1. Using a 1.4 Å probe over the heavy atoms of the protein chains, calculate the carbon and sulfur portion of the accessible area of the chain as a whole percent.
2. Would you grab the residues whose amide H sits under 5 Å from the one on residue 75? Only those 5+ places off in sequence or on another chain, please, with H modelled 1.01 Å from N.
3. Show me the helices of the chain, taken as full DSSP H stretches, that run 15 Å or more along their long axis by Cα and average -0.5 or above in Kyte-Doolittle hydropathy.
4. Note down the net charge around residue 99, summing +1 for each Lys or Arg and -1 for each Asp or Glu among other residues with Cβ under 14 Å from its Cβ.
5. Where is the GNM fluctuation largest for the chain (alpha-carbon springs, 10 angstrom cutoff): 82, 40, 172?
6. Say we join alpha carbon atoms closer than 10 Å with springs in a Gaussian network model of the chain; which of 188, 18, 89 then has the biggest fluctuation?
7. Specify the residue with the greatest mean-square fluctuation among 64, 97, 153, computed from a Gaussian network of the chain linking alpha-carbon atoms under 10 Å apart.
8. Given a 1.4 angstrom probe, what's the average accessible area per residue across the chain, in square angstrom?
Amino acid sequence: MLKSRIKYNTASFVTSAPDISRLPADTGIEVAFAGRSNAGKSSALNTLTDQKLARTSKTPGRTQLINTFELDADKRLIDLPGYGFAKVPIEMKKKWQKSLGEYLQKRQSLKGIVVLMDIRHPLKDLDRDLIDWAVGSEIPVLALLTKADKLKQGARKAQVLQVRRELSSLDGDITVHAFSSLKGTGLPEVAKKLDEWFLGPIEAQAPESDEQPEA
């Protein structure tokens with residue numbers, strides 16, 4: 001069972017919106033999942049919530065709308081349209097990119113972005129653009145290198161270290177982890193980071209003193 005301060009398995013679908021005007025009120029806290037259309041975004045959401053929350057498909061690019069899932073009255077998970085997949089009509093691609101851009105630029109309740117990238121092909125141009133934008137907007141990023149089960153442990157660790165090195169130059173709030181929806185690799189780290197975004201970090205308690213207060 002996933003140990004986290006928030007019960008992500010209680011997430012429920014709220015709406016699919018073509019643009020931000022159709023989303024719930026811009027209050028509370030939202031964490032958005034974004035990535036190329038074949039990065040395993042829907043699978044990651046389903047693994048986190050332990051349910052078939054987001055639709056998965058063997059055909060990349062099925063997430064055409066901004067999908068909203070509610071954890072409670074003021075906490076939401078957002079599944080953004082996938083980007084970077086070439087085999088869709090150009091007009092449709094422009095529409096998706098517009099709704100994605102509007103959400104990222106105008107949504108005040110956005111408190112963190114999970115950027116999902118295939119561990120074998122990380123940091124493509126659009127991935128970098130999104131992470132650059134987040135850093136410039138002072139929004140924290142959790143970079144998840146998905147499909148980690150496709151690499152052996154040594155290669156997986158090397159890839160994570162390489163991506164951390166490349167992103168360290170941006171001087172932003174960026175965390176990098178390997179992730180596998182199939183094996184559950186990285187799931188505790190994802191839950192911990194989302195807990196921090198939604199609830200704040202756990203405050204360390206000062207050790208109790210054995211000394212008695214003076215009378």
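1. Working: 5930 of 12250 Å².
That share works out to 48 percent.
2. HN-HN under 5 Å from residue 75: 29.
3. On the way: long enough: 90-106 (24 Å, -1.35); 125-136 (16 Å, -0.14); 153-168 (22 Å, -0.81); 187-199 (18 Å, -0.05).
Qualifying helices: 125-136, 187-199.
4. On the way: positive: 22, 93, 94, 95, 98, 106, 107; negative: 19, 79, 91, 102.
Neighbour charge sum, excluding residue 99 itself: +3.
5. Of the options given, 172 has the highest mean-square fluctuation.
6. Of the options given, 89 has the highest mean-square fluctuation.
7. Answer for the Gaussian network model of the chain: 153.
8. Working: 12250 Å² over 215 residues.
Solvent-accessible surface per residue comes out at 57 Å².
The values are calculated or read from the model by the stated rules, or taken from the named source; none is laboratory data. Computed from a predicted structure; not experimentally measured. Please note: Cβ atoms are built from the backbone with ideal geometry, for glycine as well, and neighbour counts cover all protein chains shown. Only protein heavy atoms, including side chains, enter the accessible area calculation; ligands, DNA and RNA are left aside. Shrake-Rupley method; radii C 1.70, N 1.55, O 1.52, S 1.80 Å.
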